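Report on the structure given below.
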Amino acid sequence: MSSSRLLVPGARVGLTTTIPVEVVLAAGLIPVDLNNLFIASPEALAMVSRAEAAGFPRTLCAWIKGIYAALQDHPEIGAVIAACQGDCSNTQALGEILESQGREVIHFKFPYPREREPLAREIAALMARLGVTPEAVARVRERLAPLRRQLRRLDRLTWETGQVSGQENFLWLIESSDFASDLDAYEPRLTAFLKEAQARPGANGRVRLGFAGIPPIFTDLWDYLEDLNAAVVFHEFPRQFSMPYESPDLVDQYLRYTYPYDIQGRLADLKEAVATRRLDGLVHYTQSFCFRQMFDQILRDHLNVPILTIEGDRPTKLDSRSRMRLEAFTDVLRP
Ligand code: SF4
C-alpha cells in the first residue's frame with residue numbers, strides 16, 4: 001500500500017494528461033482529468049482570468065491556467081499525477097508550483113525517444129508509488145478491455161455510418177481519459193448510448209473533416225460545423241486518449257499512444273486516418289503559446305490532404321476570423 005495519506009482508496013487524484021490510468025484505478029483511487037474539470041466548468045473563461053490574477057502570465061497556454069484554477073476550486077484533490085515529460089515543460093513548472101502549495105505531486109515521464117524499457121520502468125515506479133501489484137493492474141486492464149472496445153465501436157459509428165455526431169465522438173473520447181471519474185457509471189452510460197446510436201439512420205454525404213492536435217478550446221465549434229453541413233469524423237488526440245489499439249500488455253498500450261512521443265508516430269496515425277476515414281480535409285487546431293504549433297509545417301509537408309490551421313486561446317466562442325476561414329475551407333472541399 002502507498003504510505004501517503006492522500007493516496008488512500010477512494011481519494012481523488014488529479015491527472016494533467018492521459019497517463020496509465022489502469023494503475024490509478026488498481027489503487028482504488030478516483031482519477032480526475034484536470035483538463036476536463038476545467039473545460040466542463042461553466043466558469044472556464046473566468047478561471048483563466050483568475051489564474052492570471054494569481055500571477056500566471058498572459059502569454060501562457062490557457063489549459064495550464066485552467067488546470068491551476070480548477071485545483072484551487074477542488075481542495076479535496078490532494079494529489080496530482082503530472083506528466084513532467086511527454087506533455088510540456090509548462091506541466092513541469094505547474095507541478096512545482098502545486099508542490100510549493102502543499103499538494104502531493106507524482107511525476108510521470110513518458111520516455112523520449114519512445115522506448116519500451118524506460119516506459120516499463122516508469123510504469124513500475126508509478127505502481128510502487130501507488131502501492132499496487134502488476135496483477136492488480138492487469139485485472140483492471142482486463143476489466144477495461146470491453147469498454148475500450150465499445151469506444152472503438154463508437155468511433156467507427158462516427159466515420160463509417162455517421163450515426164454518432166462529431167461532437168458526441170469528441171465528448172465520449174475525451175472523457176475516456178478518466179471515465180468521467182466514475183467508471184461504474186460511465187460504462188452503462190456508454191452501452192446505452194451505443195444502443196441508441198446504432199438505431200439511428202446513417203448520416204453520410206457531408207464534407208468529412210478530421211481534427212489534428214490539442215483538443216480545441218472553442219465552445220461552439222461543433223455546432224458551427226454542423227451549420228456548415230460538415231461532419232467531424234476524426235479527433236486525433238481524443239481518440240488517442242481512448243487507447244484505440246488492441247495491445248498485448250500495458251506497456252505496449254502506452255507505447256502505441258502517440259500523444260507524448262515524437263511526431264513520426266503522430267504522422268503515421270494521421271496518414272492512416274486520412275486514408276481510412278476518407279477525409280476531405282484536416283483542421284490543425286493549435287493552442288496559443290503551445291510548442292506544438294511548431295509541428296504545423298511538418299503536417300503540411302507530410303500529409304496529402306488539404307489542411308486548415310486555426311488557433312484558439314481561451315474557452316470562448318469561435319472568433320469571426322476562424323468562422324470565416326472554416327466556412328471558406330468547407331466550401332472549397334464540398335463536392
Ligand atoms: S496545450 Fe500545449 S502548452 Fe498547453 S498544456 Fe498542452 S502541451 Fe502544454
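Principal axis lengths of the chain from Cα atoms, whole Å, largest first?
Principal-axis extents of the Cα atoms in the chain, largest first: 61, 44, 37 Å.
Please report, in debye to the nearest 20, how large the charge dipole of the chain is about its Cα centre when each Lys and Arg carries +1 at its beta carbon and each Asp and Glu carries -1 there. Provide the component values of the computation, followed by the final result.
Details: 38 positive and 43 negative charges, 84 e Å.
The dipole of the chain has a size of about 400 debye.
Quickly estimate the mean residue ellipticity at 222 nm for the chain, helices only: each DSSP H run with n ≥ 4 gives -39500 (n - 2.57), and the total goes over all residues, rounded to 500. It would help to have the intermediate numbers written out before the result.
Numbers: 15 runs with 165 residues, N = 335.
Value at 222 nm, helices only: -15000 deg cm²/dmol.
With an 8 Å Cα cut-off and a minimum separation of 6 or more residues, compute the relative contact order for the chain in percent.
On the way: 510 pairs, mean separation 62.3, N = 335.
Relative contact order, the chain: 19 percent.
I want to verify the translational diffusion coefficient of the stretch 189-335 in µm²/s; compute it with Stokes-Einstein, Rh as the Kirkwood radius over Cα pairs, at 37 °C and 0.692 mPa s. If you can, show how the numbers build up before the last one.
Details: Rh = 16.5 Å.
Stokes-Einstein gives a translational diffusion coefficient of 199 µm²/s.
Take the alpha-carbon centre of the stretch 240-255, take the same for the stretch 6-45, and report the distance between them in whole Å.
Each part reduced to its Cα centre gives a spacing of 19 Å.
Would you work out which of Gly202, Ala192, Val137 lies farthest towards the positive end of the dipole of the stretch 115-210? Charges go on Cβ: Lys and Arg +1, Asp and Glu -1.
Checked the options; the winner is Gly202.
Compare the peptides 323-330, 249-256 by average per-residue count of other Cβ atoms within 10 angstrom and give them in order, highest first.
Numbers: 323-330: 16.6, 249-256: 18.5.
Descending packing order for the listed peptides: 249-256, 323-330.
If you average the C-alpha positions of the stretch 194-229 and of the stretch 102-128 separately, how far apart do those two centres end up, in angstrom?
Taking the Cα centre of the stretch 102-128 as reference, the centre of the stretch 194-229 is 35 Å away.
Averaged over all directions, how much area does the convex hull of the C-alpha atoms of the stretch 12-135 cover when projected, in nm²? Present the calculation step by step, with values, prior to reporting the outcome.
Details: hull surface 31.2 nm².
Computed as one quarter of the Cα hull surface, the answer is 7.8 nm².
Sorted by mean Cβ packing within 10 Å, highest first, what order do the peptides 288-294, 162-168 take? Could you put the intermediate results ahead of the total?
On the way: 288-294: 15.1, 162-168: 19.9.
Most protected by this proxy first, the peptides run 162-168, 288-294.
Towards the positive end of the charge dipole of the stretch 270-314, with charges on Cβ (+1 Lys, Arg; -1 Asp, Glu), say which of Phe295, Ala273, Thr309 has the farthest Cα.
Among Phe295, Ala273, Thr309, the one farthest towards the positive end of the dipole of the stretch 270-314 is Ala273.
Which lysines, if any, have their Cα less than 29 Å from the Cα of Lys271, not counting same-chain residues under 8 positions apart?
Lys271 reaches Lys109.
As a footprinting exposure proxy, order Thr158, Thr286, Thr316 by other Cβ within 10 Å, with the fewest listed first. Mind showing how you got there, number by number?
Working: Thr158 25, Thr286 19, Thr316 15.
So the residues, fewest neighbours to most, are Thr316, Thr286, Thr158.
If amide hydrogens are placed 1.01 Å from N in the peptide plane, which non-local residues have theirs closer than 5 Å to the one on Thr309?
Amide H neighbours of Thr309: His284.
Using 1/(1 + (r/R0)^6) with R0 = 30 angstrom and r between the beta carbons of Glu142 and Ala185, what's the FRET efficiency to the nearest 0.05?
On the way: r = 20 Å, r/R0 = 0.66.
Calculated transfer efficiency: 0.90.
Compute the Rg to Rh ratio over the stretch 244-293 from the alpha carbon atoms, using the Kirkwood formula for Rh, and round to two decimal places.
So for the stretch 244-293, dividing Rg by the Kirkwood Rh gives 1.03.
Mind checking the dipole of the stretch 12-135: about its Cα centre, +1 per Lys or Arg Cβ, -1 per Asp or Glu Cβ, Debye to the nearest 20? Display every interim value, and only then the final one.
Details: 10 positive and 14 negative charges, 40 e Å.
So the dipole magnitude of the stretch 12-135 works out to roughly 180 debye.
Every read-out reported here was derived from the displayed coordinates using simple, explicitly stated rules and does not represent laboratory data. Small disclaimer: the values here were computed from a predicted structure and weren't measured. When we count neighbours, we look across all protein chains shown, and the Cβ atoms used for this are built from the backbone with ideal geometry, even at glycine.
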